[in-house]
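The values are calculated or read from the model by the stated rules, or taken from the named source; none is laboratory data. Please read all numbers here as calculations on a predicted model, not as lab measurements. For neighbour counting, all protein chains shown are included, and Cβ atoms are generated from backbone atoms with ideal geometry for every residue, glycine included. Heads up: the accessible areas ignore ligands, DNA and RNA and are worked out on the full protein's heavy atoms, side chains in. Shrake-Rupley method; radii C 1.70, N 1.55, O 1.52, S 1.80 Å.
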Amino acid sequence: AQTVTQSQPEMSVQEAETVTLSCTYDTSESDYYLFWYKQPPSRQMILVIRQEAYKQQNATENRFSVNFQKAAKSFSLKISDSQLGDAAMYFCAYRSSNSNYQLIWGAGTKLIIKP
Amino acid sequence: EAGVVQSPRYKIIEKKQPVAFWCNPISGHNTLYWYLQNLGQGPELLIRYENEEAVDDSQLPKDRFSAERLKGVDSTLKIQPAELGDSAVYLCASSLNPGSGGELFFGEGSRLTVL
């Protein structure tokens, strides 16, 4: 069975600095999707970035980018120029491409932004 | 475009009482999810619908939880009777096509407190 591990329960970063959140996963599949979701204190979860496993190029969305290492089964999120509004819980998630389509979630990392 | 709408936002009940949560997904989204989220943890899938069919309800405690999605649009999640351990946030999400790694759109959640 697939698993997703976020080893950092909490991270803090100074405003305007860069921070990297770690995520590792375990799977025997070759085709899948990986996601980073953000959940601010208001609780509404929103998608930050998505990566297709068959794509070698790392996904980027403005200040958010990933370092996808398929062989190492690692999927870290880098946030550049951190802003106060980035403070939230960040969840890494894995989705299989088979008929199950089940989304496997990590336990989350709480990101604190220091002004 | 309206997002995923959930109600109520907050509910406080005594144990053994029934409670129901309602979710209206984004128009056109055929896949609907109910998740349970405990504080500081990732979401746990309770049930997933494809249109009106429950395609994954293996994690739904069927002795006290029930769900329905009549006409394949909005959905109701019911707990009867509620127990102290049911206190959590119940998240609803919807998506277009999970097979393509489609993004999940979440509602703001319903926070349940069982006294």
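List the residue pairs whose Cβ atoms are under 6 Å apart, where the first residue sits in the range A:79-108 and is more than 11 Å from chain B (Cβ to nearest Cβ), the second is open to solvent by less than 40 Å² (accessible area, probe 1.4 Å) and of a type in the set (D, E, K, R), and the two are 6 or more positions apart or on different chains.
From the range A:79-108, the pairs are A:Ile79/A:Asp86; A:Ala88/A:Lys38.
How about the range A:41-78: which of its residues are surrounded by 15 or more Cβ atoms within 10 Å (Cβ to Cβ), more than 10 Å from every other protein chain (Cβ to nearest Cβ) and farther than 11 Å from A:Cys23 by Cβ?
A:Val48, A:Ile49, A:Asn58, A:Ala59, A:Phe64, A:Ser65, A:Lys70, A:Lys78
Mind checking which strands (runs of 3 or more DSSP E) fall wholly inside the range A:2-60 and carry at least 2 residues that are touching a helix residue (DSSP H, G or I) at 6+ places or on another chain (Cβ under 9 Å), within 17 Å of A:Trp105 (Cβ to Cβ) and modelled with pLDDT of 90 or more?
Here the list reads A:32-39.
Inside the range A:86-101, can you point out the residues that are under 17 Å from the mean Cα position of the chain (by Cα) and not in a strand (DSSP E or B)?
A:Asp86, A:Ala87, listed by residue number.
Please state which one of A:Glu17, A:Glu29, A:Glu52 is among the acidic types (Asp, Glu) and free of Cβ contacts under 8 Å to residues at least 60 places away in the same chain.
A:Glu52
Could you list, in sequence order, all residues of the range B:9-28 that are basic (Lys, Arg) and part of a strand (DSSP E or B)?
B:Lys11
Hey, does the range B:90-99 have a residue that's modelled with pLDDT of 95 or more, part of a loop (DSSP other than H, G, I, E, B) and open to solvent by less than 10 Å² (accessible area, probe 1.4 Å)?
Among the residues of the range B:90-99, not one is modelled with pLDDT of 95 or more, part of a loop (DSSP other than H, G, I, E, B) and open to solvent by less than 10 Å² (accessible area, probe 1.4 Å), which makes the answer no.
So B:Arg48 passes all but one of these: (1) within 10 Å of chain A (Cβ to nearest Cβ); (2) assigned to a loop (DSSP other than H, G, I, E, B); (3) under 25 Å from B:Pro81 (Cβ atoms). Which condition number does it fail?
(2)
Could you tell me which residue of the range B:73-86 is least open to solvent (accessible area, probe 1.4 Å), considering only residues that are farther than 13 Å from B:Ala20 by Cβ and more than 14 Å from the chain's Cα centre (by Cα)?
B:Gly85
Name every residue in the range B:100-115 that is within 14 Å of another protein chain (Cβ to nearest Cβ) and either in contact with a strand residue (DSSP E or B) (Cβ under 8 Å, 6 or more places away or on another chain) or open to solvent by less than 10 Å² (accessible area, probe 1.4 Å) (or both), in order of residue number. Reasoning before the result, please.
Keep residues of the range B:100-115 that are within 14 Å of another protein chain (Cβ to nearest Cβ), which gives B:100-112.
Within the range B:100-115, B:Gly101, B:Gly102, B:Glu103, B:Leu104, B:Phe105, B:Phe106, B:Gly107, B:Glu108, B:Gly109, B:Ser110, B:Arg111, B:Leu112 qualify.
Just one of (1) exposed (fewer than 14 other Cβ atoms within 10 Å of the Cβ); (2) of a type in the set (D, E, K, R); (3) in contact with a strand residue (DSSP E or B) (Cβ under 8 Å, 6 or more places away or on another chain) trips up B:Lys62, so point out which.
Only one criterion in (1) exposed (fewer than 14 other Cβ atoms within 10 Å of the Cβ); (2) of a type in the set (D, E, K, R); (3) in contact with a strand residue (DSSP E or B) (Cβ under 8 Å, 6 or more places away or on another chain) is unmet by B:Lys62, namely (3).
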